[in-house]
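Visitor: First the structure, which I've put down as C-alpha cells, then a few questions once you've had a look.
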Amino acid sequence: MRIITLVKHVRDTETRVKVAENGAKLEFIGENWVLNPYDEFAVEEGLRLKEKFGGEVVALSVGDEESSKSLRQAMAMGADSAILLSDPLFNDLDPLSTARVIAEQLKKESFDLILCGKHGVGDDNQAVGSIVGALLNIPVATVVVNLEIQGSDVKAKREIEGGLEVLEMGLPCLISCQKGLNEPRYPSLKGIMSAKKKEIRTINASVLGIDEKFFSKRIKFITFLEPPPRPKGKLIKGEPRDAVKELVKLLSEEAKVL
Amino acid sequence: MKILTYFEVKDGEIKKASFETASKAAEIAEKLNGEACALFVGENISEEMAKSPSRVNIKKSYILKNESLKTFSNSIYASAISNFAKEREFDAILFPATSTGKDLAPIVSAYFDVPYISDVIKVDVENGDVTFVKPIFSGKAMKKISVEENCFVASLRVNVFPVIEKHCETLVESVEAKLDDVKSSKVTGYEKGSSELLDVAEADIIISGGRGMKGPENFEMLAEVAKLFGGAMGASRAAVDAGWVPHSHQVGQTGKVVSPSLYIACGISGAIQHLAGMSSSKVIVAINKDKDAPIFNVATYGIVGDLFEIVPLLKEEIKSLKG
Ligand SMILES: Cc1cc2nc3c(=O)[nH]c(=O)nc-3n(C[C@H](O)[C@H](O)[C@H](O)COP(=O)(O)OP(=O)(O)OC[C@H]3O[C@@H](n4cnc5c(N)ncnc54)[C@H](O)[C@@H]3O)c2cc1C
Ligand SMILES: Nc1ncnc2c1ncn2[C@@H]1O[C@H](COP(=O)(O)O)[C@@H](O)[C@H]1O
C-alpha cells in the first residue's frame, strides 16, 4: 500500500497573535513551529496501516524550506520519504490553490490512500484535503475518528452533531483525521537519527510544470483585525445563594439570554 | 450577482442554520441588486418545505432531484450542486458551517473551481465587493478578505448570523440533477452519541466543566443543568483527557469551536486553547475558586467560589425560573 500523508508546518497553539501596522501584518509572540497536530493523526494512521498491510508512507507538504522540519518530524515518526513542493509562487495560497498544487503532484504519483488532518491550525480552513480528493476524483471522508480497511473496502466513522456517521467507500480515497482516531507515537531516538538520512524531494513550480497562470480566481486580502473586544465583565460578590440569584437575574434581565 | 444558498435537511427538518445563512444571502443580493435563491437537494423534499425560505426573503427555491441523491454522498451532492450552479450561472454558493456544510463546501469549491472561505463570522458589501471576516489562529485574530469578481463558495459559522424574518412569495422549481461520474463516499449508517443532550456545536446554551469538576460523577450535575436549559454540556481538554467525558464534548482548539448565546464555564481555568473554542460566545459566565483564573478576563459575569456550592444553587434557580 502506498500512502500519502499531507502535512503542514504551523505555529504551535501557544503562540500569541497581535495585529500590527494598522492591520497590514500579524506579529507573533513565540516562535515555535510544529507539525500540525491533526497531521500527527494522519501520519500515525499511515504508519499503522503500513505495519498491517506493508508498503510505504510518503509525507508531502507545500511550504517554504522551513516546512522540511515537519517533513523530518513525520519521517522521524516512521514515514519513508518526503516531498516538499516549494516555490515563491506557492506562498500564502488559498485552500483551492494549495490543493491544486498538491493534486498536480499527486497526478504524477501512485497511491492507494491519502491521509490529511482535520484542519490546519492557524489558517483554520478545514478544506485543503477535501479539495485534493475532489480534484483527483477519489472518495472523501472528513473528520474521521475510526477507520477500517479490508481489501479495497473502506469503512470510516466521522464526527457529526450528536453522533457519528458511518461511511463506506473504496480505495483509493482521502481521509481527514480527527482526534480520537489514534494516539500518535513520539519519534524514537533511532527514528530521529534515521530521518536525517531519508530523502526529501524538493519540487518547484517549473518542475511541477505550472506558472502563475495556473491559479484561477484569487482571494484579495483586505486587512487583519483584532477579535472584537469583549465588554468588561462584572464580578458578582456576596454569599453564594445571593450571588447565584443575582447572576440569574442579570442573565434574564440584562443579557436577556434566558 | 446571483447567490445560491444551500438548505440542509436532516430527519425531515430544515436546520436552523440554513435560515441564518439564507438571511445573509438575501441581504447581499438586495445590496447588489442581485438574486438569492435557495437550493434543496434530495428525493424527499416537499414543495411546502421548499417554500419555507419565504420567511427570509428568498424568492426562488430549487429542488435538485435524482435517484442517486436519495441518501447523502458528499461528492455526488457536490457534483449536483456545482453543475446546477454552473448551468444557471450562479456566481456564489453559501453553506451553513454545519458538519454537512463543512463537508460539502470544499468539494463544491473544487468542482465549481471557485475559492472557498470557511467558517465566516461577518459578511458585508463594500464598494460593490462582498467582504468576509474569518477567524484565524482559532480566533486570536481575524482576516478580512474578498474574492475577485465576487465569485466564492463560503460557509457561515452557525449561531452567529441572525435569522431576519422578512416574508415574501417563493416560487419552487424542481430540477433533475446532472451528475458527473464522481467517486464518492456514501453514508450507510448513524450512531447516536450516548447523551440525550444537544451537541455543543448546535446548542444555544452550553455549560462546561473542567479539571475543577474533580471526577466523572460530578458531570452528572452539569448534564442536569444543561437539560434544564435545553442546551449542551461541554468540557475542557483536561476533563476529556482524564476520561471523564467523551471527546465529542470538548470545546477548544482541538475540540469544537462554539458561539452560543450563553456559555457557563465551571472549574475551567481559561487556557488559550480553551478560549479559542468559546471566546466568541455572546455571554460568558465563569465560576472558579481562583479569582486570578484567566477565564475571568473573557467573562461577562463571574462568580469567585466553589463550584460544588454554586452549581447546585444555579440548578435550583433555573428550575424555579423555568417553573
Ligand atoms: C495542542 C494543544 C491543544 C489543546 N486543545 C485544547 C482544547 O481544545 N480545549 C481545551 O480545553 N484545552 C486544550 N488544550 C489544553 C489547555 O492548554 C489546558 O491544559 C486545558 O484547557 C486546561 O483545562 P482546565 O481549565 O479544565 O484545567 P486547569 O487549567 O487545571 O483548571 C482547573 C480550574 O478549576 C478551578 N477549580 C478547581 N476546583 C474548583 C472548585 N471546587 N470550584 C471552582 N473552581 C475550581 C481551578 O481554580 C482552575 O482554574 C490544548 C493544549 C495543547 C498543547
Ligand atoms: N500547505 C500544505 N501542505 C500540505 N498539506 C496541507 C497544507 N495545507 C493543508 N494541508 C493538509 O490539509 C489539511 C487541512 O488543512 P486546512 O484546509 O488548511 O485546514 C491539513 O491538516 C493538512 O493535512
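The values are calculated or read from the model by the stated rules, or taken from the named source; none is laboratory data. Being a predicted model, the structure only gives us computed values, none of them experimental. Because the Cβ atoms are built from the backbone with ideal geometry, glycine has one as well, and the counts that use them run over all protein chains shown. For accessibility, only protein heavy atoms count, side chains too; no ligands or nucleic acids. Shrake-Rupley method; radii C 1.70, N 1.55, O 1.52, S 1.80 Å.
Visitor: Looking only at the range B:145-172, count how many residues are open to solvent by 40 Å² or more (accessible area, probe 1.4 Å) and either in a helix (DSSP H, G or I) or not hydrophobic (A, V, I, L, M, F, W, C) (or both).
Guide: Going through the range B:145-172 one residue at a time, the tally reaches 7.
Visitor: In the range B:27-49, what residues are part of a helix (DSSP H, G or I) and either over 25 Å from B:Val123 (Cβ atoms) or open to solvent by 10 Å² or more (accessible area, probe 1.4 Å) (or both)?
Guide: B:Glu27, B:Glu30, B:Lys31, B:Glu47, B:Glu48, B:Met49
Visitor: Name the residues in the range A:232-252 that are in a helix (DSSP H, G or I) and open to solvent by less than 40 Å² (accessible area, probe 1.4 Å), would you?
Guide: Result: A:Pro240, A:Ala243, A:Val244, A:Leu247, A:Val248, A:Leu250, A:Leu251, A:Ser252.
Visitor: Another question, then. Given (1) within 11 Å of chain A (Cβ to nearest Cβ); (2) surrounded by fewer than 23 Cβ atoms within 10 Å (Cβ to Cβ), where does B:Trp244 come up short, assuming only one miss?
Guide: Among (1) within 11 Å of chain A (Cβ to nearest Cβ); (2) surrounded by fewer than 23 Cβ atoms within 10 Å (Cβ to Cβ), B:Trp244 violates only (1).
Visitor: Related question: Examine the range B:260-280 for a residue that is within 16 Å of ligand 2 (Cβ to nearest atom) and either crowded, with 22+ Cβ neighbours inside 10 Å or not assigned by TED's automatic domain parsing to the domain that holds B:Val160 (or both), and state whether such a residue exists.
Guide: Yes, because at least one residue in the range B:260-280 is within 16 Å of ligand 2 (Cβ to nearest atom) and either crowded, with 22+ Cβ neighbours inside 10 Å or not assigned by TED's automatic domain parsing to the domain that holds B:Val160 (or both).
Visitor: Suppose the filter is part of a helix (DSSP H, G or I) and either more than 30 Å from B:Lys192 (Cβ to Cβ) or among the hydrophobic types (A, V, I, L, M, F, W, C) (or both); does A:Ile114 pass it? Steps first, answer last, please.
Guide: Details: part of a helix (DSSP H, G or I): no; either more than 30 Å from B:Lys192 (Cβ to Cβ) or among the hydrophobic types (A, V, I, L, M, F, W, C) (or both): yes.
Taking the combined requirement at face value, the residue does not satisfy it.
Visitor: Report, ordered by the first and then the second residue, all pairs with beta carbons closer than 7 Å, sequence separation of six or more or different chains, a first member in the range B:9-34 that is hydroxyl-bearing (Ser, Thr, Tyr), and a second member that is part of a strand (DSSP E or B).
Guide: So the pair list comes out as B:Ser18/B:Pro96; B:Thr21/B:Thr5; B:Thr21/B:Leu94; B:Thr21/B:Phe95; B:Thr21/B:Pro96; B:Thr21/B:Leu156; B:Ser23/B:Val56.
Visitor: Condition (residue is within 16 Å of ligand 1 (Cβ to nearest atom), of a type outside the set (A, V, I, L, M), within 13 Å of chain A (Cβ to nearest Cβ) and open to solvent by 20 Å² or more (accessible area, probe 1.4 Å)) applied to the range B:103-119: is it met by at least one residue? Let's see the steps before the verdict.
Guide: Within the range B:103-119, the first condition is being within 16 Å of ligand 1 (Cβ to nearest atom), and the residues that meet it are B:119.
Still in the list and also of a type outside the set (A, V, I, L, M): B:119.
Now drop any that are not within 13 Å of chain A (Cβ to nearest Cβ), which leaves B:119.
Now drop any that are not open to solvent by 20 Å² or more (accessible area, probe 1.4 Å), which leaves B:119.
Yes: the range B:103-119 contains one or more residues that are within 16 Å of ligand 1 (Cβ to nearest atom), of a type outside the set (A, V, I, L, M), within 13 Å of chain A (Cβ to nearest Cβ) and open to solvent by 20 Å² or more (accessible area, probe 1.4 Å).
Visitor: Of all residues in the range B:235-268, which are outside any loop (DSSP other than H, G, I, E, B) and within 9 Å of ligand 1 (Cβ to nearest atom)?
Guide: B:Ala235, B:Arg237, B:Ala238, B:Ala239, B:Val240, B:Asp241, B:Gln250, B:Val251, B:Lys256, B:Ala265, B:Cys266
Visitor: State which residue is farthest from the chain's Cα centre (by Cα) when the search covers only the range A:91-121 and only residues that are surrounded by fewer than 24 Cβ atoms within 10 Å (Cβ to Cβ) and small (Gly, Ala, Ser).
Guide: Step by step, filter the range A:91-121, then rank; the result is A:Ser110.
Visitor: Now for a different question. Filtering the range B:132-159 down to residues that are more than 8 Å from every other protein chain (Cβ to nearest Cβ) and on the phi > 0 side of the Ramachandran plot, which residue is modelled with the lowest pLDDT?
Guide: The qualifying residue modelled with the lowest pLDDT is B:Asn159.
Visitor: Got a number for residues in the range A:18-33 being surrounded by 13 or more Cβ atoms within 10 Å (Cβ to Cβ), within 15 Å of ligand 1 (Cβ to nearest atom) and within 13 Å of chain B (Cβ to nearest Cβ)? Please lay out each step first, then the result.
Guide: As a first pass, look at the range A:18-33 and keep what is surrounded by 13 or more Cβ atoms within 10 Å (Cβ to Cβ): A:18-19, A:23, A:26, A:28, A:33.
Still in the running and within 15 Å of ligand 1 (Cβ to nearest atom): A:33.
From the residues that got through so far, the ones that are within 13 Å of chain B (Cβ to nearest Cβ) too are none.
Number of matching residues: 0.
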